Amino acid sequence: MLPLRAIARPIGRVAIPAVISLIAYFASSVARAGEPYEPLGAPTSAPPSGWLQFCDTYSTICDTKSLPPLDVVVDNDAWSNLRRINLWVNHNINPETDMDHYGMIQWWRYPDDGAGACHSYALLKRRILLKAGWPRQALLMTIVHESDGEGHAILTVATDRGDYILDNLTDKILPWSQTPYSYYMRQSQSDPNAWVWIKDDHAAFPTSSIRAPSARCSTRASASAAAGTMNGISSSWRAALPAPAACRSTLPDCWPEHPIAARRSRLDCTPSRVRPRGRSHP
């Protein structure tokens, strides 16, 4: 049997850095816990390359004018619709890296063939919410860093209660301050083609702690593993994409292509109220 001292030394070498990391994470979490809105800094010199790629492909979407910032006033209906759209996209898009999908390190585009990386999830959620009548100024593509320094794209939803996050790695819609990321940059509320830095010194925490056991939303999942959990993906996200029984969810009637919504004169998911953003920032 090994002496206790011989066992303790390797454990200590592993445990001490982990403890220091945990202390840094929780200290920074406490510091930003009282911040309902992402602290924004100066404008970036240019949008991220992924957004420029997206605009090359979907030029009409990026051909916009500056608008006054707006926040969605969250009531029960708005929250329910936001949650259902987030669940539907997370459950019905096949997770696949851009390299596996397109043979490119990065290519921002809609997951029209039913598969995509993290930015494709966020772009599709933004697209559905826009078509449902949500204001563009409240739906903001955002880039964060995970604990290993890897970039990750999410969607920030600006509300009267703070900034909330739609993320393909979890079905929970959380305040930005409760997510395990270090925030980097996001779209301006006024102009989606203008991006601003986020002043966040939060220590990112390993995202494996929030991923579902199946890791079905992880963009790192292999194509074969993803196909095994998401059989039956349609060739277009506009179709009723089937989902496993354990992950089944329904898209709200507000989706314009939804057969019920097509017979109605207005979109049920349009937020009942919006308000001007009172804080001074881009």
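Figure legend. Inter-residue proximity from segment 64-79: first residues closer than 13 Å to Ser188 by Cα, second residues of a type in the set (Val, Ile, Thr), beta-carbon distance below 7 Å, spacing 6+ or different chains. Indicated pairs: Leu70/Val274; Asp71/Thr159; Asp71/Val274. Of all residues in segment 132-163, those being part of a strand (DSSP E or B), surrounded by 18 or more Cβ atoms within 10 Å (Cβ to Cβ) and not β-branched (Val, Ile, Thr) number 8.
One residue stands out in segment 132-144 among those that are touching a residue at least 24 places away in the same chain (Cβ under 8 Å) and within 12 Å of the chain's Cα centre (by Cα): the one that is farthest from Tyr184 (Cα to Cα), namely Leu140.
If the condition is being within 21 Å of Gly34 (Cα to Cα) and surrounded by fewer than 22 Cβ atoms within 10 Å (Cβ to Cβ), then segment 164-176 contributes Lys172, Ile173, Leu174, Pro175. One residue stands out in segment 159-180 among those that are in contact with a Lys or Arg (Cβ under 7 Å, 6 or more places away or on another chain) and of a type in the set (A, V, I, L, M, F, W, C): the one that is nearest to Ile198 (Cα to Cα), namely Leu166. Within segment 52-91, restricting attention to residues that are among the charged types (D, E, K, R) and within 19 Å of the chain's Cα centre (by Cα), the residue that is farthest from Ala122 (Cα to Cα) is Asp71. Just name the residue that is surrounded by the fewest Cβ atoms within 10 Å (Cβ to Cβ) out of those in segment 121-131 that are closer than 23 Å to Met185 by Cα and charged (D, E, K, R). Top of the filtered list is Arg127. For the criterion of being within 17 Å of Arg83 (Cβ to Cβ) and in contact with a Lys or Arg (Cβ under 9 Å, 6 or more places away or on another chain), Leu129 fails.
For segment 56-80, a tally of residues being crowded, with 17+ Cβ neighbours inside 10 Å and either farther than 16 Å from Leu130 by Cα or out of contact with any His (no Cβ under 9 Å at 6 or more places or on another chain) (or both) returns 5. With respect to the conditions (1) within 30 Å of Arg161 (Cα to Cα); (2) without any contact (Cβ under 8 Å) to a residue 12 or more places away in the chain, Met104 lacks only one, and its number is (1). One residue stands out in segment 95-120 among those that are assigned to a helix (DSSP H, G or I) and under 17 Å from the mean Cα position of the chain (by Cα): the one that is surrounded by the fewest Cβ atoms within 10 Å (Cβ to Cβ), namely Asp98.
The number of residues in segment 31-71 that are charged (D, E, K, R) and in contact with a Phe, Trp or Tyr (Cβ under 7 Å, 6 or more places away or on another chain) comes to 1.
Computed from the coordinates by the stated procedures, all read-outs in this text should not be read as laboratory data. Values in this document were obtained by computation on a predicted structure and should not be read as measured data. Glycine also receives a Cβ, built like all others from the backbone with ideal geometry; neighbour counts cover every protein chain displayed.
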